[in-house]
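Presented below is the structure to which this report refers.
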Amino acid sequence: MPEADPALNDVIDRRAVAGAPSDNRALAGSLFRQEWNGLVAYLRRRLSGDGQTAQDMAQEALSRIVGAQRRYSTDQARGLLYGVARNLLVDHFRAEQTRAATKAAVGQSEEAIEPINALRELVAREDLDRV
């Protein structure tokens, strides 16, 4: 039974490696050795230089391949890895858009609340002066 690269175990979740089909563990080990630097560089370019997020996404892409119930062939491996990485990028940018929209909505509601907070502060100061 093929074993994963020991360095791969340091990169991905050990639980994913332990429960994965042995073929996927071996495949992920091979992908890690051959594609890690290229994958991180690809993701970093797409993320405007954010190296930490690029490494996290590369790690997640390998973890998903290892943890998949389906067995993948080595012929599909590189395309599969980059396909998973692209999907992670799409998810990341969608989440960023949602965060930005939420932040903008909260910012607008904070503007509406600001005069109320100023009034409360004034009333609180007057109460304190009376005491």
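The values are calculated or read from the model by the stated rules, or taken from the named source; none is laboratory data. Given the structure is predicted, the values throughout are model-derived calculations rather than measurements. Every residue, glycine as well, gets a Cβ built from its backbone with ideal geometry; the counts of neighbours run over all protein chains shown. Only protein heavy atoms, including side chains, enter the accessible area calculation; ligands, DNA and RNA are left aside. Shrake-Rupley method; radii C 1.70, N 1.55, O 1.52, S 1.80 Å.
A few points about this structure:
- Pairwise label distance in nanometres, Gln34 with Ala124, each label 7 Å out on the Cα-Cβ vector: 6.3 nm
- Within the full protein context, the accessible area of Arg86 is estimated at about 120 Å² for a probe radius of 1.4 Å.
- Packing here is the average count of other Cβ atoms within 10 Å per residue, and on that basis the peptides 33-43, 58-68, 87-97, highest first, run 58-68, 33-43, 87-97.
- Stokes-Einstein D in µm²/s, Kirkwood radius over Cα pairs - segment 22-107 at 25 °C with 0.890 mPa s viscosity: 179 µm²/s
- In order along segment 60-77, the Karplus-derived 3J(HN,Hα) couplings, from 6.51 cos²θ - 1.76 cosθ + 1.60 at θ = phi - 60°, round to 5, 4, 5, 4, 5, 5, 5, x, 5, 6, 7, 8, 10, 8, 5, 5, 8, 4 Hz, and Gly and Pro are given as x.
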